[in-house]
Amino acid sequence: MAISTNPSIPYDSRIEATNAFFRGVYRWMTVGLILTAVTAHGVASSPEMIGTLYGSPFLLIGLILVELGLVVALTRGIGSMSMGAAMGMFVVYSLLNGVTLSAVLLVYTGESVFSAFLTTAGMFGLMSVYGLYTRSNLSSWGSFLLMGLVGLIVATGVNIFVGSGTLDLAISAIGVFVFLGLTAYDTQYLRNLSNEVDVEGVDDSGRKLVILGALRLYLDFINLFLYLLRFMGKRR
């Protein structure tokens, strides 16, 4: 693990601060995933809520736009907001994401969703551990992963009009590899970011960095899950 080499910072303290930082990141990411899963199940189990949500395309589009706004606000403005606001926005985003992802439970069988989730957890865990402990510098992956994301967006847009099953399968496979790469890349980024955490204890600024890190890994997990589900899931 890359630890600050500043001689004024005790090695053991630096290790402990980094470990505390990642415990917080994974804890908040897990909270977000649980909130999303419980909300998605609750919405999918209610015919009234499904009817309201999918009866008006404007409502669904509005929720997606609010989600995007929350991600942008947290990513760009977390430094100037209070810790309570950062936590609240993360929780609200997780809940809204559960609402919009409720369709997954309606489209795919329960066995497929469960299998995809377990596969995602295993693959995410392996890549996150790799990003945390590898001595290789993964910063060079950034441009390739960005190009992969742009390619996924363009290909998905094209396939809306083409409707090719083969292209959809290729998009899903590429999406899996892109988000596996992003999991390792973001974990190493957070490992380096953890060097900014106060070694005397996670202060308010450090706790906000924990929320930001949880958001990044949460997004990697959710997207990896969705692409795996598209690739290996069985529709109802």
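Please treat every number below as a calculation from the coordinates, not as lab data. Bear in mind that the values here come from a model prediction, so they are computed numbers and not experimental data. Counting neighbours? That spans all protein chains shown, and the Cβs are built from the backbone with ideal geometry, glycine included.
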Suppose the filter is under 28 Å from Ala173 (Cβ atoms), buried (at least 16 other Cβ atoms within 10 Å of the Cβ) and touching a residue at least 12 places away in the same chain (Cβ under 8 Å); does Leu105 pass it? yes
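One line per residue, one yes/no per condition, for (1) more than 19 Å from the chain's Cα centre (by Cα); (2) at positive phi; (3) surrounded by fewer than 13 Cβ atoms within 10 Å (Cβ to Cβ):
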{"site": "Asn159", "(1), (2), (3)": "yes, no, no"}
{"site": "Gly163", "(1), (2), (3)": "yes, yes, yes"}
{"site": "Ala170", "(1), (2), (3)": "yes, no, no"}
{"site": "Ala173", "(1), (2), (3)": "no, no, no"}
{"site": "Phe177", "(1), (2), (3)": "no, no, no"}
Yes or no: Ile153 of a type in the set (Val, Ile, Thr), assigned to a helix (DSSP H, G or I) and more than 21 Å from the chain's Cα centre (by Cα)? no
Count - residues of region 79-95 that are of a type in the set (A, V, I, L, M, F, W, C) and without any contact (Cβ under 8 Å) to a residue 24 or more places away in the chain: 3
Quick check on region 38-58. Is at least one of its residues of a type in the set (Asp, Glu) and under 23 Å from the mean Cα position of the chain (by Cα)? no
Condition first: surrounded by 12 or more Cβ atoms within 10 Å (Cβ to Cβ), part of a helix (DSSP H, G or I) and among the polar types (S, T, N, Q). Can you find one or more residues in region 126-149 that meet it? yes
Does region 216-235 include one or more residues that are farther than 30 Å from Leu105 by Cβ, touching a residue at least 24 places away in the same chain (Cβ under 8 Å) and not in a loop (DSSP other than H, G, I, E, B)? no
Please verify whether region 162-180 includes one or more residues that are part of a helix (DSSP H, G or I) and under 30 Å from Ile15 (Cβ atoms). yes
